[in-house]
Amino acid sequence: MLKSTLIKATESGARVMQEFFGGNFKISNKEGINNLVTEADHASEKAIFDIIKAEFPDHFILSEESGSIVTDSNLKWIIDPIDGTVNFAHGIPICCVSIGIEQDGQMIMGAVYNPFIHEFYFAQKGFGATLNDNLIKVSRETQLGRACLVTGFPYTYINQPNGPLEVFSRLIRSGVPVRRLGSAAMDLCWVAAGRFDGFYEHKLQAWDSAAGFLIVEEAGGKVSDFSGNRYSPYQPHIVATNGIIHKELLRCINEEG
């Protein structure tokens with residue numbers, strides 16, 4: 001029942017994205033000049049909520065646009081109705097719906113759907129990860145120097161030592177290709193599918209990574225914070241890799257050689 005509702009909700013949000021994509025819609029700013037929210041985000045969120053509330057009205061919901069709808073349920077839906085809103089607003093088809101389900105503090109299911117390139121990623125804890133119902137696995141690259149990485153930058157730059165630009169510079173100066181696509185959920189899914197060997201970012205919210213990090217883990221990858229501790233979507237830092245290059249990437253991020 002949870003899986004079918006998750007799939008229906010994800011598909012419903014994606015249909016709204018398709019209806020608005022490339023058209024005219026209202027755009028406003030949240031914190032930071034380019035931290036956008038559109039009427040499509042709100043419409044997608046409503047479509048997702050309608051599905052979930054019809055079947056599980058008592059479940060806890062955490063969503064990017066509406067915040068927390070708190071209940072005493074041990075099941076929480078963590079929703080990004082459009083991940084990659086800046087891309088979406090500019091007609092760039094690297095954006096998606098991302099929904100994770102958490103039970104008693106543990107992520108148990110996640111779905112990420114980009115309808116513009118027809119890619120539906122799904123994972124259930126202990127059952128592997130799929131892309132359009134086909135099992136996926138992370139890459140087998142063994143060296144950071146030969147890896148292809150992806151990252152993102154926060155809308156409000158964190159004024160801290162060893163920040164996003166410093167790590168990015170260190171990697172590209174050493175010859176490592178680092179891409180920046182604009183959707184953390186898609187970044188994570190492409191690590192899971194073996195297209196990227198690793199992903200890191202300095203400042204994410206729970207809805208950015210809740211589904212994607214489970215998809216990486218279920219595809220055989222490793223996800224942690226910058227200290228190498230088990231990942232929690234409720235803290236900002238993330239490193240997700242094929243597992244083989246994980247320690248080497250952590251050392252580079254933390255300036256340890």
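Subtracting the Cα-Cα distance from 0.36 nm times the residue separation, let me have the gained length for S4 to E166 in nm, one decimal.
54.0 nm
Which of the peptides 63-73, 119-129 is most tightly packed, and how do the rest follow, judged by the mean count of other Cβ atoms within 10 Å per residue?
Per-residue Cβ counts within 10 Å, averaged per peptide and sorted highest first, yield 119-129, 63-73.
Evaluate the charge dipole of the chain about its Cα centre and quote only its size in Debye, nearest 20, assuming +1 on the Cβ of each Lys and Arg and -1 on the Cβ of each Asp and Glu.
Charge dipole, the chain, about its Cα centre: 700 debye, nearest 20.
On a C-alpha basis, how far is the centre of the range 135-182 from the centre of the range 209-240 in Å? Whole number, if you could?
Result: 15 Å between the Cα centres.
Just add up the charged neighbours of K137: K/R +1, D/E -1, any other residue whose Cβ is under 14 Å from the Cβ of K137.
The answer is -1.
So which chymotrypsin sites (Phe, Trp or Tyr not before Pro) in the range 139-196 are both in a DSSP loop and have at most 16 other Cβ atoms within 10 Å of their Cβ?
Y155, Y157
What percentage of the solvent-accessible surface of the range 162-257, computed with a 1.4 Å probe over protein heavy atoms, is contributed by carbon and sulfur atoms?
Here carbon and sulfur together make up 47 percent of the probe-accessible area.
For the chain, what does the accessible surface come to per residue with a 1.4 Å probe? Please give it in Å².
With all protein chains present, the chain gives 43 Å² per residue.
With the chain treated as a Gaussian network of Cα nodes joined by springs under 10 Å, which of I136, I117, I82 yields the largest mean-square fluctuation?
Ranking I136, I117, I82 by mean-square fluctuation puts I117 first.
For the range 159-203, list residues with backbone N below 16 Å from a point placed 7 Å from the Cα of T142 toward its Cβ?
none
How high is the FRET efficiency between E39 and E119 when r is their beta carbon distance and R₀ equals 22 Å, given to the nearest 0.05?
Efficiency for this residue pair is about 0.35.
Given N residues in the range 76-202, what is Rg(Cα) / (2.2 N^0.38 Å)?
Compared with the compact-globule rule of thumb, the range 76-202 sits at 1.12.
Mind giving me the FRET efficiency for Q106 and K247? R0 is 25 Å, r the Cβ-Cβ distance, nearest 0.05 is fine.
Computed FRET efficiency for Q106 and K247: 0.55.
Under 21 Å Cα-Cα from K247, which lysines qualify once same-chain neighbours fewer than 8 residues away are excluded?
K137, K203, K222
Taking the chain, how much of its Cα-Cα pair set, in percent, is spaced more than 23 angstrom apart?
47 percent
Given a 1.4 angstrom probe, I'd like the percentage of the accessible area of the range 1-153 that is carbon and sulfur, rounded to a whole number. Write out the running numbers ahead of the final one.
Details: 3520 of 6920 Å².
C and S fraction of accessible area: 51 percent.
Quickly work out the E55-to-R173 label distance, labels modelled 7 Å from Cα along the C-beta direction, and quote it in nm with one decimal.
In this crude label model, R173 to E55 measures out at 5.1 nm.
In nm, to one decimal, how far is the modelled label at N229 from the one at Q18, with both set 7 Å along Cα→Cβ?
4.3 nm
Run the dipole for the range 29-156 about the Cα centre, Lys and Arg Cβ at +1, Asp and Glu Cβ at -1, nothing else charged, and hand back the magnitude in debye, nearest 20.
560 debye
For the range 158-257, restrict the atom set to alpha-carbon positions and state the Rg and Dmax in Å.
Rg and Dmax of the range 158-257, Cα atoms, are 12.4, 34 Å.
What do you get for Rg/Rh of the range 59-140 when both radii come from the Cα atoms and Rh is the Kirkwood radius?
1.02
The values are calculated or read from the model by the stated rules, or taken from the named source; none is laboratory data. Everything quoted here is computed from the prediction, not taken from an experiment. No Cβ is skipped: glycine too gets one built from the backbone with ideal geometry, and neighbour counts run over all protein chains shown. To get the accessible areas, we keep the full protein, side chains included, count just its heavy atoms, and leave off ligands, DNA and RNA. Shrake-Rupley method; radii C 1.70, N 1.55, O 1.52, S 1.80 Å.
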